[in-house]
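Read through the structure below, which is laid out as structure tokens, and then see the notes.
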Amino acid sequence: MSEAFTQTKKKTPIIAVIASFVFPGLGQIYNGETRKGTGYIIMGAIFVSIWIFLMHDRHIIGPILVSGASVILLWISNMYDAYKTAGELSSQI
């Protein structure tokens, strides 16, 4: 969290959300939180890989739904976090 507050440039929350929508973790990197952004990128890659792997066996619908829901929840929490952090950063300046 301390990485985010070392930046002095004003951050726009909507740009952070759009960046996170395009690619999970990009909004955090825009906000100056490179470790958190990298974490979101890695978690997203893992969840999407699991989901794609499970899609090959259509008989296991439960795990497919759980992994798909995990991807969606990660994406939403990623966008919310980027928006909230950008708002906090812009209000400190």
**OP:** Being of a type in the set (Val, Ile, Thr) and touching a helix residue (DSSP H, G or I) at 6+ places or on another chain (Cβ under 6 Å) is the filter here, so list the residues in the range 61-84 that pass it.
**Re:** ILE64, VAL71
Original post:
Within the chain, which helices (runs of 4 or more DSSP H) (wholly inside it) include 1 or more residues that are modelled with pLDDT under 90 and among the small types (Gly, Ala, Ser)?
Top reply: 34-55, 61-91
Original post:
Quick check: is even one residue across the range 56-66 touching a Ser or Thr at 6+ places or on another chain (Cβ under 8 Å) and surrounded by 15 or more Cβ atoms within 10 Å (Cβ to Cβ)?
Top reply: no
Subject >> Members of the range 43-93 that are in contact (Cβ under 8 Å) with a residue 12 or more places away in the chain, closer than 15 Å to GLY25 by Cα and aliphatic (A, V, I, L, M) >> reply: MET43, VAL48, VAL71, LEU74, MET79, ALA82, ALA86
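The values are calculated or read from the model by the stated rules, or taken from the named source; none is laboratory data. Values in this document were obtained by computation on a predicted structure and should not be read as measured data. Every residue, glycine among them, receives a Cβ derived from its backbone with ideal geometry; neighbour counts consider all protein chains shown.
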